[in-house]
Each structure stands twice: as structure tokens, then as C-alpha cells.
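Values in this text are rule-based calculations from the coordinates and carry no lab data. Because the structure is a prediction, the values reported are computed rather than measured. Note that each Cβ is placed from the backbone with ideal geometry, even for glycine, and that neighbours are counted across all protein chains shown.
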Amino acid sequence: MAAEPPQGPVVLSLPQDVLDGEVEEPITPTVHTDWATRPDPAAAARIARYLAEAKNPIIICGDNMALSSSSADDVAALAELAGCPVSQTASRQWSFPTNHPLFVGPLGFLGGVRDSLSGHDVVVAFGCGDPFMPLFYEGGSPVADDAVFIQVDVNPWELAKNYPVTMSVLADTAWTARDVREALDRGLTSVERTNCEQRAAAITQSTTGMRSKAEEQLHSEWNNTPISPMRLMAEVRDAVPADTAFVGAGGTSGRAPFAQLIELTQPNSFFEGNASLGFPLPGTLGVKLALPDRPVVGLLREGDSMYSIQGLWTAVKYDIDVTYVVFNNASYRILKQGMVRYLGASERKSEFLGMNFGEPAIDIARQAGVWDIPSARIDDPADLAVALRRAIDHKGPSLVDVVIDGSYGQHF
Ligand SMILES: Cc1ncc(C[n+]2csc(CCOP(=O)(O)OP(=O)(O)O)c2C)c(N)n1
Ligand SMILES: [Mg+2]
């Protein structure tokens, strides 16, 4: 059961008398089910037809793509032929190369999913589980009523469950992307092929523009004090080795800079864990244990870190070689943004109650110092590069706690 989709933790609960009992049982080896299934050719051909006739299609990637190692390449090849932008659900890991010219970034998070999908007449979700998880209820489906919505997943649990779908396909995401691409290639008329090529060129132009806008923003905020989250993310980007896996994205302050600046080029490079507080700090240790040959960097946030601060002890106890960078905005910033989004900016007439940490400061570097983890608290942008370099070079756990600009209106 644990080895079949969706995989993940399984709890076996045994009563005490069973635990105390003795049995004579032969131990039989485990045989893992080969679960990768190819889609029905008719289903693949139908998806291909929808894509061929679409005016403005979009592909959404999700966690379950990670269960088939070639999904990212296969979905990319399909998107290139179909002239399709590729987005990503707000989820635990990202399964598409973020430097791909057709990658347009993740779906809206604080309730902006409908905005992200507006104008798209064909939406194909690959391995997304529940594809839409906005923080705030948006009412109904974010897919337009007259749009085609197709779910493809290896796990049937969320297929056709919460939103009206045109098609739902239970199959391996890599196989499906490959078969749909082949069917599309066979079936495209020359006019359709030209439309696809023109769309791909237009999307590439737009994502190139988005990237240079991000670089401009970075440039304009470079010398800001307090430190701009854009600068911190860029310094992280420039300091880490190319095969680094990231855990967390530095909370609300880091989320947009992460999407704009960090290039994830291989699978298993990002584990967001954005939903439940307390995951990224110990999660970084878990990812390092699972990927011992890769550098692992936890992009923490200070509020979240306080939910599982004892993970620092575990890091020292087992000498786990990870680097932590804390996006310390001294606040529960997401709660401020959530209130503004929910009630509207005009409703905000007083201070945000209980959302600024104030004194005593949440000083994660001092927390790390308790167990002699090499750590630094940085508030001068000029000190960032050296501190990050030192932390990354250190063998064993290390931490850089960065005091950043926590103003709530930007970087989301
Ligand atoms: C276990 C748990 N408790 C409470 C929440 C509600 N919650 C979500 S985000 C947040 C504040 C996060 O603050 P911080 O980690 O500093 O990140 P920031 O928003 O400042 O980037 C809270 C209290 C939650 N998601 N999970
Ligand atoms: Mg915070």
C-alpha cells in the first residue's frame, strides 16, 4: 500500500497484546506492484484533439508527476508542441523545470486561482491531486463554465471529485503526456500547427519579459535596508550549488522571489510544505536523509520555525549537513495579507493585532547558537554573501537568520 500511488506515510496501529505476542511466521519478500498504466489510446487522442482546437490552453503540473521520473520532460515536450503555458498547483513539490520558457509560475495562492485561469479554454491538470487549493474559498470551480477541464492522475482519489470535468483519466502522467503528444503530432492540421507555434513564441516572449522585469526589480531593491527578500533570494541563488534541493520558499516574503529567481532544473528539487506550519525546519533534515548526495537548503520563515524549533537539536544530534536560511520578517505576514485580501484594504484601520512579533525578537540565530550550530544574524545587505558562503561551505548544520523587509504590500 505504501508503495502504490499516492505513496507516502502509512500508519499501522497494533494493540499492545499483539505487540507482546509471539508467532512463528515465514517472512516473505515484498513484491512492489508495477502500477504505471498507459492511458486508453482513445482518451489520449481525445485530449490531443481538445489541445489542437484550443485557442488558449494551459497545462497545470502537480505533485503526483514526481512519481514517474520522466514526467517533467514528457509534459514539457507536449507543452512545446501544443503551444501551451505550464503552471503549477500550490503544492508540496514542483515537478516542472522553472527555467523552461513555457513555465509561467504557480497558480494564485491567496484566492487567485480563478484569475490565474481566466481566458483559458482548455485546462489539462497532470498529477495534481486536488488541483485547486486557494487559501480562501472562491466559490464553485475556477475553470470557466464553457472551458474544457481534463484531469490526469495515477491516484483516483481526487479525479472528478470536487469540480465538473470534461474528462478524467486514470493513468501514469508520463505515459499520458507522451501518448497525447504523439496523437497531437499525428493529428495536427497545418493551420493548427502554425497556431501552436505562434502561441509558443508569444508565451516565450512573455515569460522572457517577466524574467527581465524580475531582474529589474531585483536591481532596484539591491541596496535596500531592511534587506529586500528579492536580494536575499538572489544571493541564495548565487551561493548554492546547481543541484541544490530546497525545502520551503521563505514564506510569503520569499514565495514570489523564489518563483521568479530560482531555477529548478531537475526533479526532486523543491519541497514547499506550505500548508502546515512547522514542516520546513525538520522537513529539510528529512529531505537531506532522502537525498544524501545533494546539497539541501531550508528556506525557513521565523513564525513557522517556532513550531518545530527542536528540529535544530535533531540536526546537531545526528550531524545532518543542511543549510538553513531564515526569511525573518518579524511577523505573521501571511495573516496580514489574508486579512487585506479577505476584507479589502479599506477595512484595515488599526494595527494588525498579534501579527507583529515585536520584543523579544524571534532570533533564530540565537536559538541555533544554543546547540553551537554555526549561525549568523544578518541585517546589513553587504554581509549577506559572505555569511551564506560560510554557511553553505560548513559540513554539518548551519544557519543564517536574515532580517528582511516585512512590509506586507509587496512580494506576493
Ligand atoms: C499548524 C498551523 N498552525 C497555524 C496555521 C495558520 N498560519 C498559517 S501561516 C501563519 C503565519 C506564518 O508566519 P511566518 O511563518 O512567519 O511566515 P510569513 O507569513 O511571515 O511569511 C499561521 C499562523 C497553520 N497553517 N498551521
Ligand atoms: Mg514571518
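Six or more apart or on different chains, Cβ atoms under 8 Å: show the pairs whose first residue is in the range 295-319 and closer than 16 Å to residue 396 by Cα and whose second is of a type in the set (A, V, I, L, M) and within 12 Å of ligand 1 (Cβ to nearest atom).
298/281; 311/281; 312/281
For the range 360-412, name all the residues that are farther than 16 Å from residue 304 by Cα, touching a residue at least 60 places away in the same chain (Cβ under 8 Å) and in a helix (DSSP H, G or I).
381, 384, 385, 388, 389, 391, 392
I need the full set of residues from the range 114-171 which are within 22 Å of residue 50 (Cα to Cα), in contact (Cβ under 8 Å) with a residue 60 or more places away in the chain, not in a loop (DSSP other than H, G, I, E, B) and not β-branched (Val, Ile, Thr), in order please.
Hits for the range 114-171 are 125, 126, 153, 167, 170.
Kindly indicate the residue of the range 309-364 that is within 25 Å of residue 137 (Cβ to Cβ) and polar (S, T, N, Q) and also farthest from ligand 1 (Cβ to nearest atom) among those meeting that condition.
346
Mind checking which residues of the range 323-359 are acidic (Asp, Glu) and part of a helix (DSSP H, G or I)?
347 - this is the single residue of the range 323-359 that is acidic (Asp, Glu) and part of a helix (DSSP H, G or I).
Restricting to the range 276-320, name every residue that is assigned to a loop (DSSP other than H, G, I, E, B) and within 16 Å of ligand 2 (Cβ to nearest atom).
Across the range 276-320, the qualifying residues are 276, 277, 278, 279, 306, 307, 308, 309.
Of all residues in the range 240-280, which are within 11 Å of ligand 1 (Cβ to nearest atom) and at positive phi?
The answer is 248, 250, 251, 273, 278.
Going through 354, 338, 344 one at a time, which residue ends up being surrounded by 16 or more Cβ atoms within 10 Å (Cβ to Cβ) and not aliphatic (A, V, I, L, M)?
Exactly one residue qualifies, and that residue is 338.
What's the number of the only condition in (1) more than 26 Å from the chain's Cα centre (by Cα); (2) within 30 Å of residue 105 (Cα to Cα); (3) in contact (Cβ under 8 Å) with a residue 24 or more places away in the chain that residue 341 fails to meet?
Every listed condition holds for residue 341 apart from (1).
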